[in-house]
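The next block holds one structure in the form of structure tokens; read it before the comments.
No value in this document is a laboratory result; all are computed from the given coordinates. All figures in this text were calculated on a predicted structure; none of them were measured in a lab. In this analysis, Cβ positions are derived from the backbone assuming ideal geometry, glycine residues included, and neighbour counts consider all displayed protein chains.
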Amino acid sequence: MADSEGSVPFLALDPFAHRQFDAKSGKGIPIEGCTKENFIKKVNELYEEAKKKETAVLVDGYAPFCKHIFVPNFTQTKSAYVAITSENRSLLQSEYKARRPTELAVLSRWFPKEKVKVGVAVEN
């Protein structure tokens, strides 16, 4: 897909990631306040800006074909984390959970989302 200037953007959104834009998918934290098209356009803009500044743009991942790009949250996406405080500690739940029957269960802890206020994700 070419941009308005006719050039092909360096980064694209894989169809696997499309579910992150669907709040009803139940898969992870949904990206809010931004369409897929506007999201990838903005990520490419941030990528090009970082290249001009000669800052690290793509960071090596777990395998040679895997790269990460870190950008500030420019959407209304909620944070996936809430700090544990003395005020909310009593709401914390825990359980040993396995994603699949063949996996070893690990201790997981979470807050029920209806019990805590979650803000928009920000850089720390």
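Using the alpha-carbon positions of the chain, Rg (one decimal) and Dmax (whole number) come out as 18.2, 55 Å. Per-residue packing, averaged as other Cβ atoms within 10 Å, sorts the ranges 66-79, 107-120, 89-102, 37-50 into the order 37-50, 66-79, 107-120, 89-102, beginning with the highest.
Which value, in nm² and rounded to one decimal, describes the direction-averaged projected area of the C-alpha convex hull of segment 32-87?
Projected area, direction-averaged: 6.2 nm².
In this structure, the residue pairs whose Cα-Cα separation is over 20 Å, taken from Lys42/Lys67; Lys27/Lys67; Lys53/Lys78; Lys41/Lys117, are Lys27/Lys67; Lys53/Lys78; Lys41/Lys117.
Just add up the charged neighbours of Val120: K/R +1, D/E -1, any other residue whose Cβ is under 10 Å from the Cβ of Val120. So the environment of Val120 carries a net charge of 0.
Taken one residue at a time, the phi angles of segment 82-88 give Karplus couplings (6.51, -1.76, 1.60, θ = phi - 60°) of 10, 5, 7, 10, 5, 6, 10 Hz. Gly and Pro are set to x. Entry note, segment 37-109: relative contact order of 15 percent, from Cα contacts under 8 Å with a spacing of 6+ residues. Helical content alone sets the calculated 222 nm signal of the chain at -4500 deg cm²/dmol, taking -39,500 (n - 2.57) per DSSP H segment of four or more residues and averaging over every residue. Where does helix 36-52 land angle-wise versus the long Cα axis of the chain, in degrees 0 to 90, nearest 10? Taking the Cα atoms of the chain, the angle to 36-52 is about 70 degrees.
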